[in-house]
């Protein structure tokens, strides 16, 4: 019975550690930089500027949640910073395009028309 409990506790601790450091970074300095950029003095004012609920800012500051793609776009819209700059502030790598996937070398095949459908013939009632 005690081994089951310790296995469950170990699993919960692993999940909590993964959830706490899901992005692997500290969001506090990024939030402080946003506050300086937007010239606000509190987390509540920052949440109003970014149009997110105040608990989201609190959870970000305490590393309970990660920065979502929607929030990245919202920060970009409000501050005018590039998304890559925000990712750099978070300590996240900037995604590089995959090799061989540019518009110059993508071959577009012509779209063939769909074959004509056969029409149903009217059945005669005998």
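Quick test of your reading of the structure: residue 41 fulfils all but one of (1) without any contact (Cβ under 8 Å) to a residue 12 or more places away in the chain; (2) closer than 17 Å to residue 28 by Cβ; (3) surrounded by 15 or more Cβ atoms within 10 Å (Cβ to Cβ). Name the failing condition by number.
(3)
Going residue by residue through region 41-48, is there one that turns out to be under 21 Å from residue 92 (Cα atoms) and part of a helix (DSSP H, G or I)? Full working, then the answer.
In the first step, residues of region 41-48 are kept if they are under 21 Å from residue 92 (Cα atoms); the result is none.
No, every residue in region 41-48 fails to be under 21 Å from residue 92 (Cα atoms) and part of a helix (DSSP H, G or I).
Which numbered condition trips up residue 61, out of (1) touching a helix residue (DSSP H, G or I) at 6+ places or on another chain (Cβ under 6 Å); (2) over 16 Å from residue 29 (Cβ atoms); (3) surrounded by 14 or more Cβ atoms within 10 Å (Cβ to Cβ)?
The single condition residue 61 does not satisfy is (2).
When you go through (1) at pLDDT 80 or above; (2) out of contact with any helix residue (DSSP H, G or I) (no Cβ under 7 Å at 6 or more places or on another chain); (3) part of a loop (DSSP other than H, G, I, E, B) one by one for residue 95, which number turns out not to apply?
Single failed check for residue 95: (1).
The values are calculated or read from the model by the stated rules, or taken from the named source; none is laboratory data. Keep in mind the model is a prediction, meaning the values are calculated, not measured. Heads up, the Cβs are rebuilt from the backbone with ideal geometry, glycines too, and the neighbour counts pull from every protein chain shown.
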